[in-house]
Structures are given as C-alpha cells and as structure tokens.
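Engineer: The following block contains the structure, expressed as structure tokens.
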Amino acid sequence: MTNIALVDDETNILTSVSLALETEGYLVDTFSNGEEALKGLENKKYDLGLFDIKMPRMNGNELLIKVRSSKNNELRDMPIIFLTSKDQEQDEIIGLRMGAADYITKPFSQKLLTERIRTVLRVYENRKAVFKKNEQDISNLKKGSLELDDLKQLCFWKNQIIE
C-alpha cells in the first residue's frame, strides 16, 4: 500500500482529497499544519507528500525545506506535490526549484490529482530502481586476487570462481 501525507489547513480539502485517494487504494494521513506534519513525517514512512503552501505555524515551503534537509534518507527523498491556491507562475517555479516533484493549483480535478500522483510515484520508483541497480553494480569487493560479487553471489580468486 502507498502511504500519503496530506498537509493542508483547509478541513474540506483534507476530507475530500483523503476520501478520493482512499477510494483509489491509497492510505492517507492528514495534517492541518506544517509543524504537525513534520512530526508525523519523522515518525512514519510515507511514499508521497501533498503539501499546501499557505498554512499557519509552518508553511509548505518551510516544510519542504525541513524535509529536504532531513538526516533521514527516506524522508529527504520523498516526492512532494504542492496543492496550493498560489497560482502565479513565479510561485510554481520557486516550488519546483525548491525540490517539489509537481505543483497543482486549487481548485483541481480529483482525477487529475490522482493521475499526477501515479506519474510522480512511477518516476520516483523508476529512479529508486536505477539507483539501487547502480548501488548493486558497485557492490563488488576486491582485495588483491580476491573478488566478491554481491549481485551474483559469487566469489573469485585470481578470476576463477570459488565454489
């Protein structure tokens, strides 16, 4: 199951979006401000964050900065989509440059939101798979004539397989 953190200070957005996403099979936790969300994000693994920008106590931009500077790799790398009433091109550019994966202005279609979530999750999953493959490619250990290949689970001595 895909876990989504939905952060917005508007109760009607929290209710309608979480209901729509749960209907699509997502697990959704809602937070009404950035401070509350940051605590929740630090205590549970989420696959995606949906952040409003204009919120009290910690706005979405500040929350994104905290997430991107986290020592927790999973949290730091979590894709974020802004859902916001800030509809100026400059606001969107700032959000994307700060590290948001997408930027959707209110009001929005639930169908469009769902498709954009699917797209962002697909892109991030592909990125993680490539990163993992690259990590595996460098997982060989060589010391003199001894080589251990984690990926193939083989051991070589002077380029000969050791059984």
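Engineer: Scan the stretch 39-58 for residues that are within 22 Å of residue 91 (Cα to Cα) and either in contact (Cβ under 8 Å) with a residue 60 or more places away in the chain or crowded, with 18+ Cβ neighbours inside 10 Å (or both) and jot them down.
Structural biologist: 48, 49, 50, 51, 52, 53, 55
Engineer: Could I ask something else about it? Do any residues in the stretch 19-37 that are in contact (Cβ under 8 Å) with a residue 40 or more places away in the chain have Cβ atoms under 9 Å from those of residues that are buried (at least 19 other Cβ atoms within 10 Å of the Cβ) and in a strand (DSSP E or B), where the two are at least six apart or on different chains, and which pairs are they?
Structural biologist: Here the result reads 21/4; 21/6; 21/28; 21/50; 26/4; 26/48, each pair linking the stretch 19-37 to a residue that is buried (at least 19 other Cβ atoms within 10 Å of the Cβ) and in a strand (DSSP E or B).
Engineer: Are any residues in the stretch 19-38 of a type in the set (Gly, Ala, Ser) and open to solvent by less than 20 Å² (accessible area, probe 1.4 Å), and if so, which ones?
Structural biologist: 34, 37
Engineer: Which of the strands (runs of 3 or more DSSP E) found entirely inside the stretch 1-81 contain at least 3 residues meeting this: touching a Cys at 6+ places or on another chain (Cβ under 9 Å)?
Structural biologist: Those strands (runs of 3 or more DSSP E) do not exist here; none qualify.
Engineer: Another question about this same structure. Out of the residues in the stretch 59-93 that are of a type in the set (Gly, Ala, Ser) and modelled with pLDDT under 95, state the one that is least open to solvent (accessible area, probe 1.4 Å).
Structural biologist: 70
Engineer: Can you tell me which residue among 3, 61, 72, 33 is of a type in the set (S, T, N, Q) and touching a Leu at 6+ places or on another chain (Cβ under 6 Å)?
Structural biologist: Exactly one of 3, 61, 72, 33 is of a type in the set (S, T, N, Q) and touching a Leu at 6+ places or on another chain (Cβ under 6 Å), namely 3.
Engineer: Then there is this: For residue 117, state whether it is touching a Leu at 6+ places or on another chain (Cβ under 8 Å), open to solvent by less than 20 Å² (accessible area, probe 1.4 Å), assigned to a strand (DSSP E or B) and of a type in the set (A, V, I, L, M, F, W, C).
Structural biologist: Against the criterion (touching a Leu at 6+ places or on another chain (Cβ under 8 Å), open to solvent by less than 20 Å² (accessible area, probe 1.4 Å), assigned to a strand (DSSP E or B) and of a type in the set (A, V, I, L, M, F, W, C)), residue 117 does not qualify.
Engineer: Another one. On the given criteria, is residue 119 in contact with a Phe, Trp or Tyr (Cβ under 9 Å, 6 or more places away or on another chain) and polar (S, T, N, Q)?
Structural biologist: Considered against the rule, which asks whether it is in contact with a Phe, Trp or Tyr (Cβ under 9 Å, 6 or more places away or on another chain) and polar (S, T, N, Q), residue 119 comes out as no.
Engineer: For the stretch 94-110, which positions are assigned to a helix (DSSP H, G or I), of a type outside the set (Gly, Ala, Ser) and either exposed (fewer than 14 other Cβ atoms within 10 Å of the Cβ) or out of contact with any Leu (no Cβ under 6 Å at 6 or more places or on another chain) (or both)?
Structural biologist: 94, 96, 97, 110
The values are calculated or read from the model by the stated rules, or taken from the named source; none is laboratory data. Just so we're clear, the structure is a prediction, and the values are computed from it rather than from any experiment. Note that we place each Cβ from the backbone using ideal geometry, even for glycine, and neighbour counts take in every protein chain shown. For accessibility, only protein heavy atoms count, side chains too; no ligands or nucleic acids. Shrake-Rupley method; radii C 1.70, N 1.55, O 1.52, S 1.80 Å.
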